[in-house]
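One structure is given below, encoded as structure tokens.
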Amino acid sequence: MVSIPYSRKEGRNLNSSFQLFARRVRSDWFFQYKALRMAVDWVIAIYFVIPLIIVAGYQYYSWWATQPSWFSWISLFMVGAVFYVFAWLGTIRYFVEEGDQLFLRQNRRWFQHLMRLGHRYSLVLQGITTLLLMFVFLPLLVQVYGFRVPQLISLWLITYLLKINLGLLRQLVALRMQGFLHWILRIVAFAGLFFVYQKLVAAISQNALYIWAVHLLLLVLAVFLSKIRLQEKGAFFADIARERDSRMRIVSLMLIRVTERKRKPKRKRPLLFKNSQRLFKGKGAGNGIADLLVKSFFRNGTQWKQTIQFAALISAAMFIMPGPLKITVWIIAACALVFWRKSFCKDELRTPFLTLFPIQDTEKHQALQLSTPILVLPALILISLCMGISFFTWWGPVLMVGAAFPLAYGSSSVFTSWY
């Protein structure tokens, strides 16, 4: 259904484009509130959310009084990585809707003013969220790295201005470039700007004077890009899609497991296990189902893509984190992989095809225990190999890859002990 935000009835109640903008902002906040109410009712709020806020507030206060020992494990490079990912995420909203094509776009002055108001609203909101991120890391920045007020302001400005410029640049590039080249450019830009941002953070910590010239340059660039973006032709439908995604951001997180997606056409002959050979010896329904689960996973392109992204992220983090933290993250990554594979297998076991057969829960459980370690090992071996290389010793890769096998089977045995 197409929503018509500016009908004749609304026209009698709205005397300016600002009132229309204010109504849409209120509607968006109320929609997000209702979406949160679906996930957090009063029972969860009383018994979980409120105690968690109290404990987090007390813990935050204690960090100012006494810094925990694990603060020394967090390098300024890691803090910069978090700030950079935050700067990369997010977008600039303009609060345009489908019905504007029929009514509001006929009044060019109103439509342009609505987009400018949405642009300014996004700038203010991103400034506030950047300030909140600074507030979270404030004990670490002040107590450990000795940041003073000018340095904190400089870090906030560099992150905020970079976030604005990245949001505008991504929109402009997406309007001119699509497909494979677009994603290659995004990857190259993400990697290149990451190291540039880390250099700027290091310069801030060292009180480099040229950093204020960088602020001025980013500010001028943001004004220039904003002017180009607001005057861009042919961006109406892209703005509608972006606004819809922004409005549904909370709902989409809650419905990610139940949304039905259009299936891509499958290959007539699978790339892996094309001869359908048996993977597990022995007879019985459990072994057969375990074969099905393993083949289903390795033939699933989405699972491969997400696994590569997860393994690449954790592997890259191994070269940044200090030694004791690497072991902790390695174990946590193994447990996360087990839960991920277990969830995938249980979803596969509930497919309509398998429900046609009278399979006992004990046989499904046996298949789950057989297949989970096999599904965990590829990603865990890659993470373990990068972790071993990060120790810069000849025995590190051999030891960590060898340790990946008992960790995969041990964690799978523990977390698949119940179905």
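Report note on the peptides 79-92, 376-389, 319-332: ranked by the mean count of other C-beta atoms within 10 Å, highest first, their order is 376-389, 79-92, 319-332. Evaluating 6.51 cos²θ - 1.76 cosθ + 1.60 at θ = phi - 60° for every residue in segment 84-97, the Karplus couplings come out as 5, 4, 4, 5, 6, 7, x, 8, 9, 9, 10, 6, 9, 10 Hz, glycine and proline recorded as x. Inverting the pair-averaged 1/r between distinct Cα atoms of segment 63-141 gives 15.7 Å as its Kirkwood hydrodynamic radius.
Residue separation of Phe190 and Gln112 scaled by 0.36 nm, minus their Cα-Cα distance, works out to 25.0 nm of gained length.
With each label modelled as a point 7 angstrom along the Cα→C-beta vector, the Val136-Cys335 pair spans 2.0 nm. Taking a ≥ b ≥ c as the square roots of the eigenvalues of the Cα gyration tensor, an a/c ratio of 1.5 or more together with a/b larger than b/c marks segment 282-419 as prolate.
No lab work stands behind these numbers, since they all come straight from the coordinates. From a predicted model like this one, the values you see are computed outputs, not experimental measurements. Cβ sites come from the backbone with ideal geometry, for glycine too, and all protein chains shown count toward neighbours.
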